[in-house]
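The next block holds one structure in the form of structure tokens; read it before the comments.
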Amino acid sequence: MHVFVTGATGWVGSAVVHELLAAGHRVTGQARSADKAAALRAIGAGVVHATLDDLDTLRDAAAQADAVVHTAFNHDFSRFIENCAQDQRVIEALGDALAGSARPLLVTSGLLGLRRGAYETDMPDPGSPRLSEPTARALVERGLRAETVRLPPSVHGLGEHGFVPILIELARRTGVSAYLDEGDNCWSGVHRQDAARVYRFALEHGATHPVYHAIADESVPFKRIAEVIGSRLKLPVVSRGADHFGWFARMAGANMAASSAATRTALGWEPVGPDLLGDLDQPGYYAG
């Protein structure tokens, strides 16, 4: 299978590329710069030079593939609304390229806005600015095969630059490892290689479900995350209000526990990587 992957050098996308290549698939990845393109070529992937604003180029690349995996997203949170709109445009362009065919498009989204303990059948908050999943569902209404892979707030592993490192940096800067209020809200997590296997399995099984949950740890109390960070940094673990977390307060207080039972059954997927708290308790997470 020839798969076009957007965000092919990103944290999740690069793991997906490696996973697909190791399974014998042909991969073409989107890259924004010469060094990122060279990294893709070095592992045997093809390259499409494009940014997320180069819609014609992305559309052409998708049209030449047997399947498309969309992992790219601009994580500059100071421009979150604009980035969500950009993401919608990209998904619509990829959908246009696949229209009239049975070729699947896997779109990436998250859990924010879903109820605590969410299932794959639950619908996202219609008021959420993140438009990835609603856009995929709109493509389905047009007759396309568009599915969503929901990722948990922590897609962890050494080298991560996501939400857990934000918490580590905040703890270093403020001198405390904090949780919001009682800290009894729960996150979920998955190791990045386990997440990559969900994308591969979904494609190989025909991508027949509207939503997949790439979730290994289904419910991890936020306070436990703060405790591991505090232990590693030798800092007090304390409760703080929303002001302590600034723009990150909504994430810090969110309930993002979720089930992946339906995904495991549909794909025969079982996580094999380390769990979130075990991974977070490695010295490598605090290097640098």
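A compact table of results
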| item | result |
| --- | --- |
| Top-ranked residue in region 15-46 [being without any contact (Cβ under 8 Å) to a residue 24 or more places away in the chain and buried (at least 20 other Cβ atoms within 10 Å of the Cβ); ranked as farthest from GLY95 (Cα to Cα)] | ALA37 |
| Elements of type strands (runs of 3 or more DSSP E) contained in region 178-243, each with 1 or more residues being hydroxyl-bearing (Ser, Thr, Tyr) and surrounded by fewer than 16 Cβ atoms within 10 Å (Cβ to Cβ) | 237-240 |
| Number of the condition not met by VAL107 [criteria: (1) aliphatic (A, V, I, L, M); (2) more than 17 Å from VAL12 (Cβ to Cβ); (3) at pLDDT 95 or above; (4) touching an Asp or Glu at 6+ places or on another chain (Cβ under 9 Å)] | (2) |
| Complete set of residues in region 144-176 that are of a type in the set (S, T, N, Q) and crowded, with 21+ Cβ neighbours inside 10 Å | THR148, SER154 |
| Single residue of ARG142, ARG192 found to be within 26 Å of GLY273 (Cα to Cα) and basic (Lys, Arg) | ARG192 |
| Residue that is nearest to THR265 (Cα to Cα) [pool: residues in region 158-177 that are modelled with pLDDT of 95 or more and not in a helix (DSSP H, G or I)] | SER177 |
| Count of residues meeting criterion [closer than 13 Å to ILE225 by Cα and either not hydrophobic (A, V, I, L, M, F, W, C) or not assigned by TED's automatic domain parsing to the domain that holds LEU167 (or both)] in region 247-275 | 2 |
| Verdict on GLY268 being exposed (fewer than 14 other Cβ atoms within 10 Å of the Cβ), at positive phi and either touching a residue at least 40 places away in the same chain (Cβ under 8 Å) or within 20 Å of the chain's Cα centre (by Cα) (or both) | yes |
| Members of region 244-284 found to be within 15 Å of ILE168 (Cβ to Cβ), at pLDDT below 95 and part of a loop (DSSP other than H, G, I, E, B), listed by number | GLN282 |
| Set LEU105, LEU112, LEU94: member being assigned by TED's automatic domain parsing to the domain that holds ALA138 and part of a strand (DSSP E or B) | LEU105 |
| Unique residue being modelled with pLDDT of 95 or more and not basic (Lys, Arg) when the list is ALA287, ALA202 | ALA202 |
| Candidates ARG200, ARG224, ARG232, ARG172, filtered to the one that is among the basic types (Lys, Arg) and within 15 Å of the chain's Cα centre (by Cα) | ARG200 |
| Filter result (among the polar types (S, T, N, Q) and touching a Phe, Trp or Tyr at 6+ places or on another chain (Cβ under 8 Å)) within region 175-218 | ASN185 |
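The values are calculated or read from the model by the stated rules, or taken from the named source; none is laboratory data. The model shown is predicted, which means the values in this text are computed figures rather than measured ones. Backbone-built Cβ (ideal geometry, glycine too); neighbour counts: all protein chains shown.
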